[in-house]
Amino acid sequence: MTAPERPRFIYHIVPADVWRAGADDSLYRADSLDTEGFLHASTAPQLYDSADRHFAGREGLLALRIDTELVSAPLRYEIPDHDPRAFPHVYGPLERSAVVDVRPLTIGRDGRFERAPLES
């Protein structure tokens, strides 16, 4: 059996003010690095479900598109308690240079985040 193909791009959700506050830093450290030991991320098919589950109703969020080929920290796919799918976790600070796109997450009329096409 072969391992499933991993996507080139993964996504991380961050409040816009947090992302902008560290604009002069070469590395980004999510609070979860200190509390859980890794940075939470999602694949393209997982992003909006993750946003709806963990950030419902929150304004001012960004989705960072991360090129996994530019990430030097260990990247592991792990299955959380709440979902049978494996989610990417970055076990260390993230190089800002690995972030190849930043897009705002917008809440739609139905209260869920609007779905826009994403690159895998």
*asked:* What are the pairs with Cβ atoms under 8 angstrom where one residue, in region 53-81, is within 15 Å of Arg96 (Cβ to Cβ) and the other, located anywhere, is of a type in the set (Phe, Trp, Tyr) and not in a strand (DSSP E or B)? Sequence gap at least six, or different chains.
replied: Leu62/Trp19; Leu64/Trp19; Ala73/Tyr91
*Within region 68-100, restricting attention to residues that are closer than 16 Å to Ser32 by Cβ and of a type in the set (Val, Ile, Thr), which residue is surrounded by the most Cβ atoms within 10 Å (Cβ to Cβ)?*
Val90
*State all residues of region 86-120 that are in a loop (DSSP other than H, G, I, E, B) and of a type in the set (S, T, N, Q); if no residue qualifies, say none.*
Thr106, Ser120
*Hey, any hits in region 4-14 for a residue that's closer than 23 Å to Glu119 by Cβ, exposed (fewer than 11 other Cβ atoms within 10 Å of the Cβ) and touching a Phe, Trp or Tyr at 6+ places or on another chain (Cβ under 9 Å)?*
yes
_Against the condition within 18 Å of Ala30 (Cβ to Cβ), surrounded by fewer than 14 Cβ atoms within 10 Å (Cβ to Cβ), of a type outside the set (Asp, Glu) and modelled with pLDDT of 95 or more, how does Arg103 come out, does it pass?_
yes
_Positions within region 57-85 being among the hydrophobic types (A, V, I, L, M, F, W, C), modelled with pLDDT of 95 or more and in a loop (DSSP other than H, G, I, E, B), in sequence order_ = Val71, Ala73
*Select from region 15-52 the residues that are surrounded by fewer than 19 Cβ atoms within 10 Å (Cβ to Cβ) and in a loop (DSSP other than H, G, I, E, B) and write down the one among them that is nearest to the chain's Cα centre (by Cα).*
Arg29
*asked:* Among the residues in region 60-67, are any of a type in the set (Lys, Arg), under 12 Å from the mean Cα position of the chain (by Cα) and surrounded by 15 or more Cβ atoms within 10 Å (Cβ to Cβ)?
replied: yes
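The values are calculated or read from the model by the stated rules, or taken from the named source; none is laboratory data. Source: prediction; values computed, not measured. Cβ: placed from backbone, ideal geometry, glycine included. Neighbour counts: every protein chain shown.
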